[in-house]
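The values are calculated or read from the model by the stated rules, or taken from the named source; none is laboratory data. Remember, it's a predicted structure, so these values are computed and weren't measured experimentally. Here Cβ is always computed from backbone atoms with ideal geometry, including for glycine, and neighbour counts include all displayed protein chains. Heads up: the accessible areas ignore ligands, DNA and RNA and are worked out on the full protein's heavy atoms, side chains in. Shrake-Rupley method; radii C 1.70, N 1.55, O 1.52, S 1.80 Å.
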Amino acid sequence: MKKGFTLVEFAISFCLISTISLLLFELIISMKTLYINGNIKTTMLDKQAIILKRIYDDYNNYDLKTVQNCGDKCYRFTYLKKDTTIKTADLMIDVENKKISYDNYTMKLENGSYIGDITTSVNNEIMNNTTINNSLLTINIPIYNSMVDGDYGFNINMPYISTQTSINI
């Protein structure tokens, strides 16, 4: 009796090893894709959070006086500080170069990202009261990435008192 593998045993072993290798390869590729997608989503959400924090810090710390256009896809916010000095900050959206700036901070979008159609709306006097925030300014800047699903853009909502704030956009 000879010791060794028969051709059938060798073929079965080769098929089993090939199948296991293929499954492991697919698992590694799936894990890599999940890692890349998670990294892109996290980076986009981090950048979104930084700009939104800056916008809402100004909005919460100062009195919003005016919002007006300062060019194509540019909004100038004018705030009145507690010491009665004026602060202005521009929100600029550069679709071609994939950059969004607010005040002195600029964020560049990730590779594969693009800015969708920007929309603005002003709902004046949604409540019949002139002593509290009775109107709402909304600026929606959708940001998409070709590698991940979903909108990772900005949806800025600023309630204001219509008798004290001027919106010209």
note = According to the Cβ-distance criterion of 4.7 Å, cysteines of the chain with no possible disulfide partner are C15
request  = Give the Kirkwood hydrodynamic radius (Å, one decimal) of segment 66-169, defined as one over the mean of 1/r across all pairs of different Cα atoms.
outcome  = 15.1
remark   = Dividing the helical contributions, -39500 (n - 2.57) per DSSP H run of n ≥ 4, by the residues of the chain yields a 222 nm value, nearest 500 deg cm²/dmol, of -12500 deg cm²/dmol
key: Karplus-derived HN-Hα couplings along segment 70-76 (A = 6.51, B = -1.76, C = 1.60, θ = phi - 60°), whole Hz, x at Gly and Pro   = 10, x, 6, 6, 9, 10, 9
ask   = What translational diffusion coefficient, in µm²/s and rounded to a whole number, does the Stokes-Einstein relation yield for segment 1-150 at 20 °C and a viscosity of 1.002 mPa s, taking the hydrodynamic radius as the Kirkwood radius over Cα pairs?
value = 107
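Would you list Y35, Y114, Y56 from the most to the least accessible area, probe 1.4 Å?
Ranked from most to least accessible, the order is Y35, Y114, Y56.
Relative contact order, percent, of the chain when contacts are C-alpha pairs under 8 Å separated by at least 6 residues?
Numbers: 249 pairs, mean separation 29.7, N = 169.
Reported relative contact order: 18 percent.
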For segment 57-67, 3J(HN,Hα) per residue [Karplus equation, 6.51 cos²θ - 1.76 cosθ + 1.60, θ = phi - 60°, Hz, x = Gly/Pro] = 4, 4, 4, 7, 8, 10, 8, 6, 9, 9, 9
inquiry  = Quick query: amide H of K65 versus all other amide H atoms, modeled in the peptide plane; which residues come in under 5 Å with a sequence gap of 5 or more or a different chain?
reply    = T78, Y79, L80
task = Please find, in a Gaussian network model of the chain (springs between Cα atoms separated by less than 10 Å), the residue of A49, A89, A11 whose mean-square fluctuation is greatest.
result = A11
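Applying a 10 Å radius around every beta-carbon, put 137-148, 37-48 in order of their mean neighbour count, most first. The partial results should precede the final answer.
Details: 137-148: 17.5, 37-48: 14.9.
Final packing ranking: 137-148, 37-48.
Among rounded, prolate and oblate, which fits segment 39-118 when a ≥ b ≥ c are the square roots of the eigenvalues of its C-alpha gyration tensor, a/c under 1.5 means rounded, and a/b larger than b/c means prolate?
Values: a/c = 3.16, a/b = 1.70, b/c = 1.85.
Judged from the Cα gyration tensor, segment 39-118 comes out oblate (a/c at least 1.5, b/c at or above a/b).
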request  = Using DSSP, restrict attention to beta bridges with both residues in the chain and report what percent are antiparallel, rounded to the nearest 5.
outcome  = 90
key: Lys/Arg +1, Asp/Glu -1 at C-beta; the chain dipole; positive extreme among Q48, F5, T78   = F5
inquiry  = Amide H of G116 versus every other amide H placed in the peptide plane: which residues, excluding those fewer than 5 positions away on the same chain, fall under 5 Å?
reply    = I143, Y144
message = Let me see the P(r) profile for segment 1-90: every Cα-Cα distance counted, bins of 10 Å, each bin given as a percent of all pairs.
response = 13, 20, 15, 12, 10, 9, 8, 7, 5, 1, 0
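Keeping all protein chains in place, calculate the accessible area per residue for segment 89-158 (probe 1.4 angstrom), answer in Å². Mind showing how you got there, number by number?
Details: 3790 Å² over 70 residues.
So segment 89-158 comes to 54 Å² accessible per residue, rounded to a whole number.
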ask   = Across segment 156-169, in residue order, what do the Karplus-derived ³J(HN,Hα) couplings come to in whole Hz, using 6.51 cos²θ - 1.76 cosθ + 1.60 with θ = phi - 60° and x for Gly and Pro?
value = 8, 10, 10, x, 8, 8, 4, 7, 10, 10, 10, 10, 10, 10
